[in-house]
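Please read the structure below before turning to the comments.
The values are calculated or read from the model by the stated rules, or taken from the named source; none is laboratory data. A quick note: this is a predicted structure, and the numbers were derived from the prediction, not measured. Here the Cβ positions follow ideal geometry from the backbone for every residue, glycine too, while neighbour counts run over all protein chains shown.
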Amino acid sequence: MSSEALLSVRDLRVAFGPVEAVRGLSFDVRAREVFALVGESGAGKSLTARALLGMVPRGATTGGRVRLRGSADLAAERGRRITLVPQDALSALSPVHPVGDQLAAAVRSVRRLSRGQARARAVAALDRVGIPDAARRARAYPHEYSGGMRQRAVIAMATVNEPDVVVADEPTTALDEERREQVLRVLAEQREAVGAALVLVTHDLEVVREHADRVLVMYAGRAAEVGPSGHVLGRPRAPYTAGLLASLPQDGPRRHRLPALPGTPPAPDALGPGCAFAPRCPLATAPCRDHEPEARTVDGRLVACHHADDLSDPLREFV
Amino acid sequence: MNSPLLDVRDLVVRYGPVTAVDRLSFTLDAGETLALNGPSGCGKSSTALAVLRLRRPDGGKVRFEGRELTNLTERELRPLRPRMQPVFQDPYGSLSPRHRIRDAVAEPLKVQGTWNRTDGPARVAELLDRVGLDPSYGDRRPHELSGGQCQRAGIARALASRPQLLVLDEPVSALDASVRAGVLNLLSDLQDDLGLGYLFICHDRAVVRHFADRVVEMRDGRAVPA
Ligand SMILES: Nc1ncnc2c1ncn2[C@@H]1O[C@H](COP(=O)(O)OP(=O)(O)OP(=O)(O)O)[C@@H](O)[C@H]1O
Ligand code: SF4
Ligand SMILES: [Mg+2]
């Protein structure tokens, strides 16, 4: 498996002082695939996304290892072979420079090209993401763009240097359904066009179902389940994945009771010694409260649950 | 047949030259959920504000419990206001950060003049219990609650004045799936028990399909075929 890995992450940890928010994540991203990181607010998705680029917030310490195939120094590849579309997309654009200049500067930061050549690439990238009249719009400032156009410009910025990996943190969360589909389409097209892998961070299981090849379901800074998204969402084996799926509104009798999980996800400074999901898990037993489960391979995916072997269909326990 | 709880006819809302709601009509019965669905900026929230008369419509009529609201003065509206209550999207923004939860829930009772020191606190505890919050949460301030708990507190506050109509503007959009399910279940139970009418504004189609009896699909301020 690691021989195929383009990006390989081992025992990644991110902590603020004594409090660990990302607690030992391991996964591989393969060339050209869409790899989703899914989980609820506070699970540690954004910290993980930023750690992949070596861009954690001030005051954070990291542990573990992130490797990009064929590169000795990951930091040198940032913005080049690996790029980020941040959760707060606007922060990726400077308000005081025309959008085209910013793209051209990004191009010239990694390639020795003339201003004219860099500019042509910038305009081509804007055109590729569907900005109408790209040559003229390249001279405009971000605030002269509509929200949807800005989102596209940020995607152009992340793909203009034809990276191997694009990390997109909640690229669609603030958008309504139509715009969400548009942005995901643009991301998918750009990924195809430049041949990049996409690490797609989202809390939306429907987005994962539609767009991801493989998925890592994250809870309280750890992986609950990792595998092909069809498998994981079609037949979850981790109770958390099952609970999350069961709580989605389904087509069914109107207003049937949704199986809601009790409580809320835990804060990183309030974790006990056992499985982080135990306080909300209807399947928890005594060992669950004492020891955190290790991930192991079950049914073609990795599952971190003490009862992964005896629970062949945890979804049944929720509905 | 009884008249509907809410009857909106040819509603128009303008902001300067922009027409946000353009001759929109719908009715809502007690015990029923009508969803307004559509992309951002299509006029859903402007409709909510006009129904609640937090904004005076620029045209059309809004009848609530058989009374025409359009030309009422603020003073004439006052006795009707408690019967139609909003619940907004941002669970933290809709409660004052400085007030304890129990004071936020008591406030509508005080405004209405139905608060008294002997039964008031018990009524607040009952309301918190009703929305599935342990009454001990009453001592906390909004930032000491989770998003779902805060949204429940907002619903408790809306229920305090015994409304017939709740105008729910994206009430679950800010919540995670596992928490959202609990709030949707709560809204269903309250509707069954109290016969509330819900005007339910939501851009998430799966939630709308699950929760609403009927849907008005909106584009550019108008109803369009679904
Ligand atoms: N700069 C910081 N200082 C201290 N704690 C932080 C900081 N940034 C994040 N955290 C904490 O780390 C945990 C994970 O945060 P993160 O932003 O990665 O979550 P997330 O999964 O991206 O959530 P969301 O879906 O809300 O974006 C949270 O508990 C958060 O409060
Ligand atoms: S280890 Fe126990 S508590 Fe954790 S998910 Fe599995 S069954 Fe539930
Ligand atoms: Mg995040």
Worksheet, complete the sentence: Reported set for the stretch A:50-62 where residues are away from ligand 3 (no atom under 16 Å from the Cβ) and either surrounded by 14 or more Cβ atoms within 10 Å (Cβ to Cβ) or within 14 Å of chain B (Cβ to nearest Cβ) (or both) is A:GLY54, A:THR62
Response to the item:
Among residues of the stretch A:19-35 being farther than 14 Å from A:VAL165 by Cβ and either within 14 Å of chain B (Cβ to nearest Cβ) or not hydroxyl-bearing (Ser, Thr, Tyr) (or both), the residue surrounded by the fewest Cβ atoms within 10 Å (Cβ to Cβ) is A:VAL19
Worksheet item: For the subset of the stretch B:45-59 comprising residues that are in a helix (DSSP H, G or I) and away from chain A (no Cβ under 14 Å), which member is surrounded by the fewest Cβ atoms within 10 Å (Cβ to Cβ)?
Response: B:LEU49
Fill in: Scan of the stretch A:93-134 for residues that are more than 14 Å from A:ALA156 (Cα to Cα) and outside any loop (DSSP other than H, G, I, E, B), ordered by number
A:ARG108, A:SER109, A:VAL110, A:ARG115, A:GLY116, A:GLN117
Practice prompt. Among the numbered conditions (1) free of Cβ contacts under 8 Å to residues at least 40 places away in the same chain; (2) among the charged types (D, E, K, R); (3) more than 30 Å from A:HIS231 (Cα to Cα), tell me where A:ASP28 comes up short.
Written response: (3)
Worksheet, complete the sentence: If you go through A:GLU20, A:GLU40, the only one that is within 16 Å of ligand 1 (Cβ to nearest atom) and at pLDDT below 90 is A:GLU40
Worksheet item: Just checking, which of A:LEU90, A:LEU47, A:LEU84 is assigned to a strand (DSSP E or B) and within 16 Å of ligand 3 (Cβ to nearest atom)?
Response: A:LEU84
Practice prompt. Considering (1) surrounded by 15 or more Cβ atoms within 10 Å (Cβ to Cβ); (2) of a type in the set (A, V, I, L, M); (3) farther than 28 Å from B:CYS202 by Cα, say which one B:VAL62 fails and leave the rest.
Written response: (3)
Discussion item. So A:ASP164 passes all but one of these: (1) at pLDDT below 90; (2) buried (at least 19 other Cβ atoms within 10 Å of the Cβ); (3) out of contact with any helix residue (DSSP H, G or I) (no Cβ under 8 Å at 6 or more places or on another chain). Which condition number does it fail?
Written reply: (1)
Worksheet item: How about the stretch B:4-44: which of its residues are within 14 Å of another protein chain (Cβ to nearest Cβ) and assigned to a loop (DSSP other than H, G, I, E, B)?
Response: B:GLY31, B:GLU32, B:GLY38, B:PRO39, B:SER40, B:GLY41, B:CYS42, B:GLY43
Worksheet item: Of all residues in the stretch B:82-130 being under 15 Å from the mean Cα position of the chain (by Cα), assigned to a loop (DSSP other than H, G, I, E, B) and in contact (Cβ under 8 Å) with a residue 40 or more places away in the chain, which is nearest to B:LEU6 (Cα to Cα)?
Response: B:PHE88
Worksheet item: Does any residue of the stretch A:288-296 turn out to be surrounded by 18 or more Cβ atoms within 10 Å (Cβ to Cβ), within 12 Å of ligand 2 (Cβ to nearest atom) and closer than 29 Å to B:ASP189 by Cβ?
Response: no
Practice prompt. Kindly provide the set of residues from the stretch A:275-287 that are closer than 13 Å to A:TYR219 by Cβ and in contact (Cβ under 8 Å) with a residue 12 or more places away in the chain, ordered by number.
Written response: A:CYS275, A:ALA276, A:PHE277, A:PRO279, A:ARG280, A:CYS281
Worksheet, complete the sentence: Here the residues within the stretch A:51-74 that are near ligand 1 (Cβ under 8 Å from one of its atoms) and not in a loop (DSSP other than H, G, I, E, B) are A:ALA60
Practice prompt. Give just the number: which of (1) within 16 Å of ligand 1 (Cβ to nearest atom); (2) under 19 Å from A:GLY44 (Cα atoms); (3) surrounded by fewer than 21 Cβ atoms within 10 Å (Cβ to Cβ) does A:GLU206 not satisfy?
Written response: (2)
Worksheet, complete the sentence: The residue from A:SER91, A:SER46 that alone is within 16 Å of ligand 1 (Cβ to nearest atom), of a type in the set (Ser, Thr, Tyr), without any contact (Cβ under 8 Å) to a residue 24 or more places away in the chain and more than 14 Å from chain B (Cβ to nearest Cβ) is A:SER91
Discussion item. Against the conditions (1) exposed (fewer than 15 other Cβ atoms within 10 Å of the Cβ); (2) over 30 Å from A:ALA76 (Cβ atoms), where does A:ARG179 fall short? Just the number, please.
Written reply: (1)
Worksheet item: Can you name the residue in the stretch A:297-319 that is of a type in the set (Gly, Ala, Ser) and crowded, with 18+ Cβ neighbours inside 10 Å and, of all such residues, is farthest from A:ASP28 (Cα to Cα)?
Response: A:ALA308
Discussion item. Considering only residues that are crowded, with 23+ Cβ neighbours inside 10 Å and touching a residue at least 40 places away in the same chain (Cβ under 8 Å), which ones fall in the stretch B:132-148?
Written reply: B:GLY148
